[in-house]
Amino acid sequence: MTTQTTTFEKDLSARQSAKAAHTTTALSSGVTGVDQPAANRGRTSIADVVVVKVAGIAAREIPGVHDMGGGLSRTIGAVRDRVPGGRPNVGRGVKVEVGERQTAIDLDLVVEYGVTITDVAHDVRENVISAVERITGLEVVEVNISVNDVHLPEDDGDHAVADSRVE
């Protein structure tokens, strides 16, 4: 049996390393040794899901944001929210790309009818950037916002019974 590494094995190893780099980001490489300050001993890494959750919570804090995510993900989320013991998915409608020191964020929003969409987008962008940079220490290079739907006031109630033509 030979101990040479094939090109395929090298490519697989490189792809696995790249995939691992996308799921967790090392913010500080850290050093070892008792002669180093305590704050510098060890390494800090942040998983992508952390950035997703922070951005999702920050976006939902803004008045005028009704929900997040596309139609199918909102439908599945509504079912999940009604299941006993189910928790709301704060990351729904959030996609991130995380590098070593920077991150880019994409948000899918549903806004309330009557709000100025550009104002809501501006407020969401500011709040998300502030929260992610403050909590994670990553620099946010961009926050792209896509408004997928407008929530109408009549969508809240069950008007099908009231509008029925027959008893």
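Brief remarks on what is shown
- For segment 138-167, filtering for residues that are more than 14 Å from D67 (Cα to Cα) and at pLDDT 95 or above leaves 7.
- Meets criteria (farther than 17 Å from I62 by Cβ and small (G, A, S)) for G114: no
- Members of segment 94-115 found to be in a loop (DSSP other than H, G, I, E, B), in contact (Cβ under 8 Å) with a residue 40 or more places away in the chain and under 18 Å from V150 (Cα atoms), listed by number: Y113, V115
- Hey, I57 hydrophobic (A, V, I, L, M, F, W, C), part of a strand (DSSP E or B) and at pLDDT 70 or above or not: no
- The set of residues from segment 127-147 being among the charged types (D, E, K, R), in a helix (DSSP H, G or I) and under 15 Å from the mean Cα position of the chain (by Cα) comprises just one member, E133.
- R87 open to solvent by 80 Å² or more (accessible area, probe 1.4 Å), under 17 Å from the mean Cα position of the chain (by Cα) and modelled with pLDDT under 95: yes
- Pair list, Cβ < 9 Å and 6+ apart or interchain, from segment 27-39 residues that are at pLDDT 70 or above to residues that are open to solvent by 70 Å² or more (accessible area, probe 1.4 Å): T32/R41; G33/R41; V34/R41
The values are calculated or read from the model by the stated rules, or taken from the named source; none is laboratory data. The model shown is predicted, which means the values in this text are computed figures rather than measured ones. Note that each Cβ is placed from the backbone with ideal geometry, even for glycine, and that neighbours are counted across all protein chains shown. In case anyone asks, the SASA skips ligands and DNA or RNA and just uses the protein heavy atoms, side chains included. Shrake-Rupley method; radii C 1.70, N 1.55, O 1.52, S 1.80 Å.
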